[in-house]
């Protein structure tokens, strides 16, 4: 069997061809008469190559430069810590004693954006987000200084005894999203994470640059990010709601805006996997 993509309007249709069907199409593309056997084979080879070789328009810049706020050069780190169930209270207390001191110390060019426990989603999990103003140089400076910080190294040692696993990602923020700033509570937060198909980040950004306008009426939009290191082609949208009932009402209201259904229709095919976490802020979180 052979497969062929056909452009139909703005949508690519997937055509399923049998070997006979391919042969018939190939035969119809050749001029009849006067061709030698070798010329015929060369033309046939060229035709088959045209089926499977896609020409790509040259790009002048990486998608990270096209989608992010270049003038601010903010870099974000998100951390996922899976905690031993019996250690969660002690872990939270340890974080609340240590993380604010780094956040408030001007010696470190970083800020704690938020710190949460997962309520619905992966259980016994903590999520931390940091912002580094100045990008990778700021990250390198902070990591170097923290290695010399005895209190922080003690915190890492104690923390390690409480964890089952941990992972992190380095992120950039979408230019069309809000920059996350401290907010008063009480709120619950939803972290919606999307694993996109490789090569679709620009398309995702184009749709969401318009879609975000439909989701700012109740100030629920906190921040939007895409990965640079870690799981690639990963997008995180962070939302704030008063409670689960407010979340449901706000999300249902989005469907009343003309154009929201179109955004959903065209972005869903870009997704390989998606996940949702409902999170509760820790006491030390700037996002309450």
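Taking label positions 7 Å along the Cα-Cβ direction at both residue 210 and residue 133, the computed distance is 3.5 nm, reported to one decimal. Using the alpha-carbon centroid of each, what span in Å lies between segment 207-256 and segment 144-181? Rounded to whole Å, the Cα centres lie 23 Å apart. Highest average first, the peptides 273-279, 200-206, 263-269 ordered by how many other beta carbon atoms sit within 10 Å of their residues are 200-206, 273-279, 263-269.
Which peptide among 118-124, 74-80 comes first, and what is the full order, when sorted by highest mean count of other Cβ atoms within 10 Å? Numbers along the way, then the final one.
Working: 118-124: 14.6, 74-80: 20.4.
Order by mean packing, descending: 74-80, 118-124.
Once the chain from residue 154 to residue 175 is taken as fully extended at 0.36 nm per residue, the excess over their C-alpha distance is 3.8 nm. Working ranking of peptides 156-163, 252-259, 218-225 by packing, defined as the average number of other Cβ atoms within 10 Å per residue, highest first, is 218-225, 156-163, 252-259.
Only the coordinates and a few stated rules stand behind these numbers; no lab work does. In this text the structure is predicted, and so the values were computed from the model without any measurement. Note: ideal-geometry Cβ built from the backbone for every residue, glycine included; neighbour counts use all protein chains shown.
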